[in-house]
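Values in this text are rule-based calculations from the coordinates and carry no lab data. The shown structure was predicted, so the numbers you read here are calculated from the model rather than taken from an experiment. Here Cβ is always computed from backbone atoms with ideal geometry, including for glycine, and neighbour counts include all displayed protein chains.
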Amino acid sequence: MKKQIKKIAVMTSGGDSPGMNAAIRAVIRTAVFYKLDPYGIYRGYQGLIEGDIERFTARDVSNIINRGGTILKTARSKEFRTVEGRKKAYEQLKKHDIDALVVIGGDGSFTGAQIFSKEFDFPVIGIPATIDNDIFGTDFSIGFDTASNTATEAIDKIRDTASSHDRLFFIEVMGRNAGFLALYSGIAGGAEEILIPEENIGIDRLVESLRRSKRAGKTSSIVVVAEGDKTGKNVFELAEYVEENLKEYESRVVIVGHIQRGGCPTTFDRVLASRLGVRAVEVLLDGESDVMVGFRNNTVEVTPLEEAIKLKREINKELLAIVDILTT
Ligand code: F6P
């Protein structure tokens with residue numbers, strides 16, 4: 001028979017994302033609502049291993065729904081990748097009598113959660129939060145909307161100076177392995193070209209396309225480049241190559257960087273985090289484990305963690321197609 005759940009713990013893990021606080025708040029308050037004892041674990045799995053765990057009340061999460069970052073702090077723990085590390089983590093949970101764990105994070109954090117849950121038969125639920133939006137089983141992960149708005153704002157500002165000086169700008173946005181952020185902010189910012197890890201358009205085709213836009217009367221251009229694009233050149237080398245082969249343009253490079261990870265979460269991210277946080281506790285109480293709560297087709301849905309980790313969230317081809325049409 002399954003153990004009745006009385007005490008649950010929540011942590012944030014991996015890269016932070018705006019809206020994580022709203023998710024923590026939702027988990028803690030839902031736990032209180034259902035008469036459970038909630039705990040917060042600081043610094044992700046590393047904090048768990050070290051016993052950095054505290055009892056939380058509903059009031060401990062007051063006034064955080066609007067704040068970026070994570071009050072629980074976050075980390076990427078090497079020790080948790082070892083059996084010994086995970087054993088220490090389990091002992092800490094046992095020491096505090098904790099019956100279940102809610103992990104707010106991305107695919108790396110879910111991989112750890114799944115291994116842990118199988119090893120110790122411990123109930124775990126995942127809540128997707130990453131600005132990369134690359135998790136299978138959810139149309140949006142917490143933080144993506146805020147981060148893409150931040151990137152779009154940066155592109156808008158750069159457009160002003162690009163057009164005043166008739167320049168070509170290469171703007172690097174985050175996304176080591178995923179191009180969602182580049183694609184959304186690139187479309188919203190009216191970029192001429194968007195380079196993403198999922199699709200290699202080829203550097204010479206890029207030069208050709210920029211040359212065509214110039215001939216078509218464009219005086220300035222913006223190329224949005226995902227951190228992990230597949231041209232084989234970093235953004236500075238890319239700009240240099242294009243300048244050498246397209247003498248008509250003077251170019252500049254901007255790296256938007258970690259600004260994308262901070263700031264007040266948008267309304268969308270706060271509502272998403274609230275819905276997923278509530279559902280995470282409810283599915284635990286329904287006896288589920290090893291699943292992720294996600295948002296698909298405007299409803300909250302549950303996906304096995306194994307699928308969320310293994311399956312790849314594909315780029316929507318329609319988005320790529322409209323970039324080509326709209327840059328005419
Ligand atoms: O996974 C989120 C993310 O922001 C990626 O887009 C980026 O490549 C990476 O984290 C950066 O990680 P760090 O903050 O450790 O440099």
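A compact table of results
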read-out: Positive dipole terminus of the chain, leading residue within LEU311, ALA239, SER274 (C-beta point charges); value: SER274
read-out: Gain on full stretching of the segment that runs from GLU248 to ASP286 - 0.36 nm per residue minus C-alpha separation; value: 7.3 nm
read-out: Pairs from LYS94/LYS310; LYS7/LYS118; LYS7/LYS312; LYS218/LYS247 whose Cα-Cα separation, in the structure shown, is over 24 Å; value: LYS94/LYS310; LYS7/LYS312
read-out: Compactness index (Cα Rg / 2.2 N^0.38 Å), the stretch 126-176; value: 1.47
read-out: Simple Cβ-charge dipole of the chain, Lys/Arg +1 and Asp/Glu -1, about Cα centre, in debye nearest 20; value: 940 debye
read-out: Where labels lie 7 Å past Cα in the beta-carbon direction, separation of LYS87 and TYR34 in nm; value: 3.2 nm
read-out: Antiparallel DSSP beta bridges within the chain, percent to nearest 5; value: 25 percent
read-out: Alpha-carbon Rg/Rh ratio, for the stretch 144-261, with Rh computed the Kirkwood way; value: 0.93
read-out: Selection from ALA178, GLY112, ILE98, by position along the positive dipole direction of the chain (Cβ); value: ILE98
read-out: Among 182-193, 142-153, 283-294, 71-82, the order from most to least packed when residues are scored by Cβ within 10 Å on average; value: 142-153, 182-193, 283-294, 71-82
read-out: C-alpha center-to-center spacing [the stretch 157-172, the stretch 1-74] in angstrom; value: 42 Å
read-out: Over 27 Å between alpha carbons, listed pairs LYS78/LYS317; LYS35/LYS87; LYS6/LYS73; LYS73/LYS233; value: LYS78/LYS317; LYS35/LYS87; LYS73/LYS233
read-out: Percent of Cα-Cα distances greater than 18 Å, calculated over the stretch 196-299; value: 65 percent
read-out: Packing rank of 202-209, 22-29, where each peptide gets the mean count of other beta carbons within 10 Å, highest leading; value: 22-29, 202-209
read-out: Approximate shape of the chain as ellipsoid semi-axes (Cα gyration tensor, √5λ), whole Å, largest first; value: 42, 18, 17
read-out: For peptides 98-107, 61-70, sequence by mean Cβ density within 10 Å, most packed first; value: 98-107, 61-70
